[in-house]
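Undergrad: My questions will all concern the structure given below.
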Amino acid sequence: MLVENLAQVQAQIRKACQTAGRTESEVTLIAVSKTKPVSMLEEVYQAGIREFGENKVQELTQKQALLPADIRWHMIGHLQRNKVKYIVGTVALIHSVDSLRLAEEISSQAAKRQICQDILVEVNIAMEESKFGIAREEAIALVEEIARLPQIRVCGLMTIAPFVENPEENRLYFRKMRELSVDIARKNIDNVSMDILSMGMTGDYTVAIEEGATMVRVGTGIFGERDYQTK
Ligand SMILES: *Cc1c(COP(=O)(O)O)cnc(C)c1O
């Protein structure tokens, strides 16, 4: 069943790319596996997926230990500074950096391991109270500050759009994210690239792709509904 779900998501991605006149290789699908058992991740891995997203440090590191080493792990959830040490250097990308203090901790942990950690700056594009992420107006300043830290590289932006029935309602937010990313790229800040735009989830990833997403984070569409009670 997972394999069919996955094929369907991949077909939708292909279609959205065609609609937008983009090539499929521009868009990376991240399988968001939070709350799902390792056996399900293995099934999706067997089907060729190598990018997995988790939102909790402990769950991520536990799964990491049990799954093949060629997986690229994505930390997509809110990250506390005291947990940074467990994931720096073990994840391909941290999507959820929204403060200088968090970035400083990532840089200092990366220095200990003599690596450079790739990150995205999370933007709360719809200014929802319930969401993490920095305001759009503050994003450029934050990127400039993070760019001065030695062991961390800003690779782009991430957003979690509002939960909506009709994905068209999020089109404008995705467009604003793309504009912000272009604005920042134009500044040619040292040590900063805006190659990645991580936006779009199960309900709205096709619209996000039409508006320029280069990474989509799909959980439910691949793994089915999450059950937070039994975990
Ligand atoms: C859970 C989660 C997703 C995936 O959500 P679905 O609607 O199940 O596709 C994407 N991004 C983040 C940050 C998440 O926490």
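Undergrad: Between ALA135 and ALA92, what is the label-point separation in nm under the 7 Å Cα-to-beta-carbon projection?
TA: In this crude spin-label approximation the distance works out to 3.5 nm.
Undergrad: Something else: I need the phi-derived Karplus couplings for the stretch 33-47: 6.51 cos²θ - 1.76 cosθ + 1.60, θ = phi - 60°, integer Hz, Gly and Pro marked x.
TA: These are the phi-based 3J(HN,Hα) values: 9, 3, 6, 8, x, 4, 4, 6, 5, 4, 4, 6, 4, 4, 7 Hz.
Undergrad: When a/c reaches 1.5 or more, the comparison of a/b and b/c decides; with that in mind, is the stretch 2-221 rounded, prolate or oblate per its Cα gyration tensor?
TA: The shape class here is oblate.
Undergrad: Which net charge results for the neighbourhood of THR90, defined as the other residues with beta-carbon distances under 11 angstrom from its beta-carbon, given Lys and Arg at +1 and Asp and Glu at -1?
TA: Every neighbour counted, the sum reads +3.
Undergrad: How far, in nm, would the chain grow between ALA147 and GLU169 when pulled straight, counting 0.36 nm per residue and subtracting the alpha carbon separation?
TA: Fully extending the segment from ALA147 to GLU169 adds 4.6 nm.
Undergrad: OK, next. Where does each of ARG171, ARG217, ARG81 land when they are ordered by accessible area, with a 1.4 Å probe and the largest first?
TA: Accessible-area ranking of ARG171, ARG217, ARG81, largest first: ARG81, ARG171, ARG217.
Undergrad: In the neighborhood of SER130, defined by Cβ-to-Cβ distances under 15 Å, what is the net charge if each Lys or Arg adds +1 and each Asp or Glu adds -1?
TA: -3
Undergrad: While we're looking at this one, here's another question. Nearest 0.05, what FRET efficiency do THR220 and GLN114 give at R0 = 25 Å with Cβ-Cβ as r?
TA: On the way: r = 38 Å, r/R0 = 1.54.
Efficiency, from the Cβ-Cβ distance: 0.05.
Undergrad: Let me ask you something else. Name the residues whose placed amide hydrogens come within less than 5 Å of the amide hydrogen of GLU122, ignoring near sequence neighbours (fewer than 5 apart) on the same chain.
TA: Placed amide hydrogens put VAL97, ASP98, ILE134, MET158 under 5 Å from GLU122.
Undergrad: Taking the Cα centre of the stretch 2-221 as the origin and placing charges on Cβ (Lys, Arg +1; Asp, Glu -1), which of GLY53, SER181, SER107 is farthest toward the positive end of the dipole?
TA: In the stretch 2-221, that residue is SER107.
Undergrad: Moving to a separate point now. Under a plain spin-label model, where a point goes 7 Å from the Cα along Cα-to-Cβ, how far apart in nm are GLU59 and SER25?
TA: About 3.4 nm, to one decimal.
Undergrad: Something else about it: May I ask you to compute the full-extension gain from GLU104 to ARG72, defined as 0.36 nm times their residue separation minus their alpha-carbon distance, rounded to one decimal in nm?
TA: Roughly 9.2 nm would be gained on extension.
Undergrad: How large, in percent, is the carbon and sulfur part of the accessible surface of the chain at a probe radius of 1.4 Å? Intermediate results must be reported in sequence, preceding the final value.
TA: On the way: 5270 of 11300 Å².
With neighbouring chains kept in place, the figure for the chain is 47 percent.
Undergrad: Also: What size of dipole, in debye to the nearest 20, comes out for the stretch 2-221 about its Cα centre when the only charges are +1 on Lys and Arg C-beta atoms and -1 on Asp and Glu C-beta atoms?
TA: 560
Undergrad: Can you list the residues of the stretch 28-42 with backbone N under 18 Å from a point 7 Å past the Cα of GLU4, pointing along Cα to Cβ?
TA: Zone members listed by number: 40.
Undergrad: Moving to a separate point now. Given only helices, namely DSSP H runs of n ≥ 4 each adding -39500 (n - 2.57), what is the per-residue ellipticity at 222 nm of the chain, to the nearest 500 deg cm²/dmol?
TA: -12000 deg cm²/dmol
Undergrad: Here is a further query. Subtracting the Cα-Cα distance from 0.36 nm times the residue separation, let me have the gained length for LYS85 to ARG186 in nm, one decimal.
TA: Result: 33.1 nm gained on full extension.
The values are calculated or read from the model by the stated rules, or taken from the named source; none is laboratory data. Small disclaimer: the values here were computed from a predicted structure and weren't measured. Every residue, glycine as well, gets a Cβ built from its backbone with ideal geometry; the counts of neighbours run over all protein chains shown. Areas reflect the complete protein model, heavy atoms only, side chains present, ligands, DNA and RNA absent. Shrake-Rupley method; radii C 1.70, N 1.55, O 1.52, S 1.80 Å.
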